[in-house]
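> Below is one structure. I have some questions about it.
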Amino acid sequence: SIDSGVLAALAIGVGTEVAVTPRSTCIVSGEFVNCWGPWLDREVCCGQDGGGCFDEFYARERCCGVDDEELRRRSSCLADTRASLHRCMDAACGSVGAALCNEMVETLGCAEACSRLPAPRRSTATRSTGLGRALWCLAQRHEVRVALDMFLGSGDGSATMLASGLSMSRPTSVSDVGTVLGFEHSPNVFREAVRWFSERPELGNLSVVPLPRAGGALPQTIRRRLRRAQASALALGSIAVVLFHGKPVPLERSELPSALALLCSETHVDLAFLDPHEGGTEVEVLELLVSCRPLRWIVVNNINLPRHAGWVREHLLSLGSAWAEVLSGRSRDETSGGRRGRAAKVFRSRTWSVLARTDEVCRA
């Protein structure tokens, strides 16, 4: 039930049979491509300083793995983390809501069961889905203070669940201020998000940042507005919600700098949520992985749908034991996203994945 790699020691011993188990019931470890061959010997490379054996892709930890003691420690940590998240998610909507509420169009029953969480308007990653509750619980973890919603949308879904979760603890310093960061390019959708948070001050202290068209003004704009937003949130005993109007990464061949890279040079990012609307995510995700640290959690929605971000899950799990899928699940979409015919059957179910950076989440 558990893939080979960092979690192999969690539930199976040598020589025992492994049962076929649904993915949502287990932790899935990353596994790296085989590094070894006639020209490269594992004992020689992993037993010495590794000079000439490794490069940026074929890195020592990916090829050699971690020692047995560290393997057991991370395995135990991830099992405890998964159990803790499940307890939080189950408590959010009660036992009935936890068992039955995985719907993208909220019914009255789930609205009542999940009433302690913020109500949505029309978004899909909300309190009535396991994904929304997972985001809410992740945002309450001690190692998560800054969360990035890369493709914000209208704000009443994933960003709201993250803000609500972060609001469960009060900051004691600027560095401790819970912060939700969001990018949205569409002017109309961005206005919806601004209106949503403006009307709900309990979700956080809102700051709206139009990204300047002149690249030279961008670093100063991001630095000033971010610091001001976090300082104001601290004074109010709240969290900061900072919404950027524009693209996180400029179009190819643009002379503008990357707003995402500049933002991540000013603040750490602990969690990133990815749910693009049927478009390419390559440049944004690659910038995220290079520029943003410590990036302990990445949550990806709609991984089973075409033209979405499912490749991100597969990419992270291909990097070896550095990443593991701690949670996964499905949401029902009775509208099939407005699709008809054969496509409607594909879009009726949406799959999501919560991925942990094992060395950061399970830091010794």
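The values are calculated or read from the model by the stated rules, or taken from the named source; none is laboratory data. The model shown is predicted, which means the values in this text are computed figures rather than measured ones. We place every Cβ from the backbone using ideal geometry, glycine too, and count neighbours over all the protein chains shown. All accessible areas refer to the heavy atoms of the entire protein, side chains included, with ligands and DNA or RNA removed. Shrake-Rupley method; radii C 1.70, N 1.55, O 1.52, S 1.80 Å.
> Which of the cysteines in the chain are isolated, no other cysteine C-beta under 4.7 Å?
Within the chain, the cysteines lacking a partner Cβ under 4.7 Å are Cys26.
> Give the longest segment of the chain that steers clear of chymotrypsin sites (Phe, Trp or Tyr not before Pro) in DSSP loops with at most 16 neighbouring Cβ atoms within 10 Å, not counting the sites themselves.
Longest run free of exposed loop sites: 59-364.
> What would the Debye formula give as log10 I(q)/I(0) at q = 0.22 Å⁻¹ for the alpha-carbon point model of the stretch 19-89, no solvent?
So the normalised log intensities work out to -1.00.
> D for the stretch 130-283, whole µm²/s, Stokes-Einstein with Kirkwood Rh over alpha-carbon pairs at 20 °C and 1.002 mPa s: what number?
My calculation gives 139 µm²/s for D.
> Write down the percent of antiparallel bridges among all DSSP beta bridges whose residues are both part of the chain, to the nearest 5.
Taking every DSSP beta bridge within the chain, about 40 percent pair in antiparallel fashion.
> Distance between the C-alpha centers of the stretch 218-289 and the stretch 122-194? Whole Å please.
Measuring centre to centre over Cα atoms gives 13 Å.
> Loop only per DSSP, at most 14 neighbouring Cβ atoms within 10 Å: give me the GluC sites (Glu not before Pro) in the stretch 177-268, ordered by residue number.
Numbers: sites: Glu184, Glu192, Glu199, Glu202, Glu252, Glu255, Glu266; in loops: Glu199, Glu252, Glu255.
Answer by residue number: Glu199, Glu252, Glu255.
> Counting residues in the stretch 28-146 as N, plug N into 2.2 N^0.38 Å and put the Cα Rg over that result.
Rounded to two decimals, the normalised Rg is 1.61.
> Given the Cα-Cα distance of Ser95 and Met168 and 0.36 nm per residue of separation, how much length would full extension add, in nm?
Residue separation times 0.36 nm, minus the Cα-Cα distance, leaves 24.1 nm.
> Then there's this: Scan the stretch 280-364 for trypsin sites (Lys or Arg not before Pro) in coil per DSSP, keeping those whose Cβ has at most 13 other Cβ atoms within 10 Å, and list them by number.
Arg307, Arg340, Arg363
> Let me ask something additional. Kindly report the accessible area of the chain per residue (heavy atoms of protein chains, probe 1.4 Å, no ligands, DNA or RNA), in Å².
Result: 47 Å² per residue.
> What is the distance, in nm, between label points placed 7 Å from the Cα along the Cα-to-Cβ direction at Glu199 and at Val283?
The modelled label-to-label distance comes out at 3.4 nm.
> Here is a follow-up. Of all the accessible heavy-atom surface of the stretch 64-173, with the other protein chains kept in place and a 1.4 Å probe, what percent is carbon and sulfur?
53
> Moving to a separate point now. Round to the nearest 10 and report in Å² the accessible area of Ser173, as given by a 1.4 Å probe over the protein chains' heavy atoms.
The accessible area comes out at roughly 40 Å².
> Could I ask something else about it? For the stretch 272-364, what % of the accessible area comes from carbon and sulfur atoms, probe 1.4 Å?
Whole-percent figure for carbon plus sulfur exposure: 49.
> For the stretch 289-364, which semi-axes, largest first and in whole Å, follow from the square roots of 5 times the eigenvalues of its Cα gyration tensor?
After diagonalising the Cα gyration tensor, the semi-axes are 30, 12, 10 Å.
> Additional query: Ignoring everything except DSSP H segments at least 4 long, calculate the 222 nm mean residue ellipticity for the chain; use -39,500 (n - 2.57) per segment, divide by total residues, nearest 500.
My calculation for the chain gives -11000 deg cm²/dmol from helical runs alone.
> What do you get for trypsin sites (Lys or Arg not before Pro) in the stretch 148-245 restricted to DSSP loop and a cutoff of at most 12 other Cβ within 10 Å of the site's Cβ?
Sparse-neighbourhood loop trypsin sites (Lys or Arg not before Pro): Arg213.
> Rounded to whole Å and ordered largest first, report the semi-axes of the equivalent ellipsoid of the chain derived from its Cα gyration tensor (root of 5λ). Spell out each step's value before the answer.
Numbers: eigenvalues 221, 139, 83 Å².
Ellipsoid semi-axes (Å, largest first): 33, 26, 20.
> Let me ask something else about it. I need the calculated FRET efficiency for the pair His268 and Ala235, taking r as the beta carbon distance and R₀ as 30 Å, to the nearest 0.05.
That pair, His268 with Ala235, gives E of 0.90.
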